[in-house]
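Below: the structure, in structure tokens.
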Amino acid sequence: MRDHLDTGARGEQLAADFLKTKGFEIVARNYRHRRAEIDLIVKRDDWLIFVEVKTRTSISYGYPEEFVDDQKARLIFQAAEEYIYSTDWQGHIRFDIVSVRMGMPPEIIHFEDAIN
């Protein structure tokens, strides 16, 4: 079980570093509301982006981005709604997925507006 958590944490760090190089500001990591968690909340200009990071060491069972199901999306929306309300955010919002495929080097793909 520990390897799974370590892989996820490494993937989230790689995703955060990747997004920073693209000009995003990291606002929050692992934001929790009730049973929901948002891996990264980032900002650029007047956009607030809620990011689900999916990391896999192998694509034997599918690509990382394919593992965001409807239930996960609902939980992300609920947590995002609470964050928007609690911070009184007035700008644009979007829900993205960052797919991290561990390897040498890791492959990172950013899917904008991927959860709707």
Item to check | Verdict on Asp17 being more than 17 Å from Ile109 (Cβ to Cβ), surrounded by fewer than 16 Cβ atoms within 10 Å (Cβ to Cβ) and not aliphatic (A, V, I, L, M) | outcome: no
Checklist entry - So how many residues does region 88-108 have that are under 16 Å from Lys22 (Cβ atoms) and surrounded by 14 or more Cβ atoms within 10 Å (Cβ to Cβ)? => result 8
Checklist outcome for this item: Scanning region 84-115 for residues that are out of contact with any strand residue (DSSP E or B) (no Cβ under 7 Å at 6 or more places or on another chain) and assigned to a loop (DSSP other than H, G, I, E, B) gives Asp88, Gln90, Gly103, Met104, Pro105
Item to check | Those residues of region 55-78 which are farther than 22 Å from Leu19 by Cα, of a type in the set (A, V, I, L, M, F, W, C) and either touching a helix residue (DSSP H, G or I) at 6+ places or on another chain (Cβ under 7 Å) or in a helix (DSSP H, G or I) (or both), in sequence order | outcome: Leu75
Checklist entry - Which of the residues that make up region 25-42 are assigned to a strand (DSSP E or B) and basic (Lys, Arg)? => result Arg29, Arg32
Checklist entry - Before we move on, is Glu52 in a helix (DSSP H, G or I) and modelled with pLDDT of 95 or more? => result no
Next on the checklist: Exactly one condition in (1) among the charged types (D, E, K, R); (2) surrounded by fewer than 16 Cβ atoms within 10 Å (Cβ to Cβ); (3) assigned to a strand (DSSP E or B) is false for Glu81; which is it?
Outcome noted: (3)
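Listed here are the residues, each with its yes/no results for (1) within 19 Å of Asn116 (Cβ to Cβ); (2) free of Cβ contacts under 8 Å to residues at least 40 places away in the same chain; (3) touching an Asp or Glu at 6+ places or on another chain (Cβ under 6 Å).
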residue: Gly8; (1), (2), (3): no, no, no
residue: Asp17; (1), (2), (3): no, yes, no
residue: Lys22; (1), (2), (3): no, no, no
residue: Val68; (1), (2), (3): yes, no, yes
residue: Ala73; (1), (2), (3): yes, no, no
residue: Ile93; (1), (2), (3): yes, no, no
residue: Ile97; (1), (2), (3): yes, no, yes
residue: Val100; (1), (2), (3): no, no, no
residue: Met104; (1), (2), (3): no, yes, no
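The values are calculated or read from the model by the stated rules, or taken from the named source; none is laboratory data. This one's a predicted model, so the numbers in the text were calculated from it and none came from an experiment. Glycine also receives a Cβ, built like all others from the backbone with ideal geometry; neighbour counts cover every protein chain displayed.
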